[in-house]
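Below is one structure, written out as structure tokens; comments come after it.
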Amino acid sequence: MSAAKLADILGLALADVARDDPRVFVLDGDLADSDGAMHFAERYPERFLMAGIAEQGMVSTAAGMADSGLRPWVFSFAAFLCYRALDQVRICMSQSRQPVVLVGSHAGGLSGRNGKTHAAPNDLAVMMSLPGMAVFAPADAADARYVVGKALELGAPSYIRTPRRLMTESENLPGIPAPHRWVLPRQAVTLVACGLASQWAFQAAQYLRDRGIVVGLMHCLQLKPFPDFEHELADVQHIFCIEDHSRFGGLASLLAHQLPARHIHAFGWSPEFSGKSAADDVLLERNGLTPQAIADAIIRILR
């Protein structure tokens, strides 16, 4: 089974939807062959704008298109959309409530040999802080297809983060794609994860099961608006949050804010981590984020 980046799967799904929705346009920052936008460009060249390495102007242009009744999607690396174009996202999208959808590929801390300039380990903190911004973190191919329709349905300024890593359909997590879903049934010990880290959490759960510890797993595709988890996690004794993001400002912070009386065990990148140039397995091993390292840490905490 062939592997693909989630941004590619999302780009193909958007091209399918655009067949029946002429309002959909795509803008790209000279990365169409890496961020998924090329699939739309190949089918609808008349609705594709190659904006070049000018992310700030690209976001402003998309906001103007949205104000004219179109539904533009902007593709680039997460680092360039969330940091370089932040002022335009803040003013032209968030403050103006324009329904532009940003697709930030290569999100999180695993930037490979691109290094820290291309890493986005705190993109969620940036985007979730903006008023009116919807934020999504798909974990698999099924999520990537689902989120296209969800973002169009919301009609709000939105940010979708996707990882750099290739995935296959065999890696689709159990359950039907939804804003949040139980991948593994709720247990006294439950993992809560989002995006690529939901894959780490699922593998960690398998390690734990082999050691006689059965855990639940909640996958959060939609981080903003954030669902009310007070009831969902009411009977959970131990909550472990796992994310491909800084331990500050992401999913763990959302849970801690919503559940102030609960202790959240957070697994993610150190708030001091700004990215490194190294293979994924090396970075995960050095930062205690391999599925086995997470499982071992959970066992130590439970003991």
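The values are calculated or read from the model by the stated rules, or taken from the named source; none is laboratory data. All values derive from a computational prediction rather than experimental measurement. Positions of Cβ are backbone-derived with ideal geometry, glycine not excepted, and every protein chain shown enters the neighbour counts.
Take the conditions (1) in the same structural domain as C220 (by TED's automatic domain parsing); (2) farther than 30 Å from I91 by Cβ; (3) under 15 Å from the mean Cα position of the chain (by Cα); P179 misses just one of them, which is (2).
For V236, the requirement of being in contact with a Gly (Cβ under 8 Å, 6 or more places away or on another chain) and free of Cβ contacts under 8 Å to residues at least 40 places away in the same chain is not met. Taken together, the residues in segment 12-43 that are under 13 Å from G104 (Cβ atoms) and either crowded, with 22+ Cβ neighbours inside 10 Å or of a type in the set (D, E) (or both) amount to 5.
For segment 225-281, give me each residue that is of a type in the set (S, T, Y) and not in a helix (DSSP H, G or I). Write out each step before concluding.
Our first condition is that a residue be of a type in the set (S, T, Y); within segment 225-281, this holds for 246, 253, 270, 274, 277.
If the condition is that a residue be of a type in the set (S, T, Y) and not in a helix (DSSP H, G or I), then S246, S270, S274, S277 are the ones that fit.
Checking each residue of segment 100-117 against the condition of being more than 15 Å from the chain's Cα centre (by Cα) and either assigned by TED's automatic domain parsing to the domain that holds F267 or within 24 Å of S253 (Cα to Cα) (or both) gives at least one match. Restricting attention to segment 98-113 and to residues that are among the small types (G, A, S) and at pLDDT 95 or above, the residue that is farthest from V74 (Cα to Cα) turns out to be G109. Under the condition of being crowded, with 17+ Cβ neighbours inside 10 Å and either more than 20 Å from P163 (Cα to Cα) or of a type in the set (G, A, S) (or both), the residues counted in segment 87-124 number 17. Only residues that are among the hydroxyl-bearing types (S, T, Y) and either crowded, with 19+ Cβ neighbours inside 10 Å or under 15 Å from G212 (Cα atoms) (or both) were counted across segment 270-303, and they come to 1. If the condition is being under 13 Å from P138 (Cβ atoms) and charged (D, E, K, R), then segment 175-211 contributes only R181.
Working only within segment 227-254, note down all residues that are more than 18 Å from P121 (Cβ to Cβ) and modelled with pLDDT of 95 or more. Show your work before the answer.
From segment 227-254, those more than 18 Å from P121 (Cβ to Cβ) are 227-240; that's our starting set.
Correct list: L233, V236, Q237, H238, I239, F240.
Looking only at residues in segment 42-74 that are assigned to a strand (DSSP E or B) and free of Cβ contacts under 8 Å to residues at least 60 places away in the same chain, the one that is nearest to V24 (Cα to Cα) is P72.
Tell me which residues, restricted to segment 75-86, are part of a helix (DSSP H, G or I) and farther than 20 Å from D8 by Cα. Reasoning before the result, please.
So in segment 75-86, the residues part of a helix (DSSP H, G or I) come out as 78-84, 86.
Within segment 75-86, Y83, R84, L86 meet the criteria.
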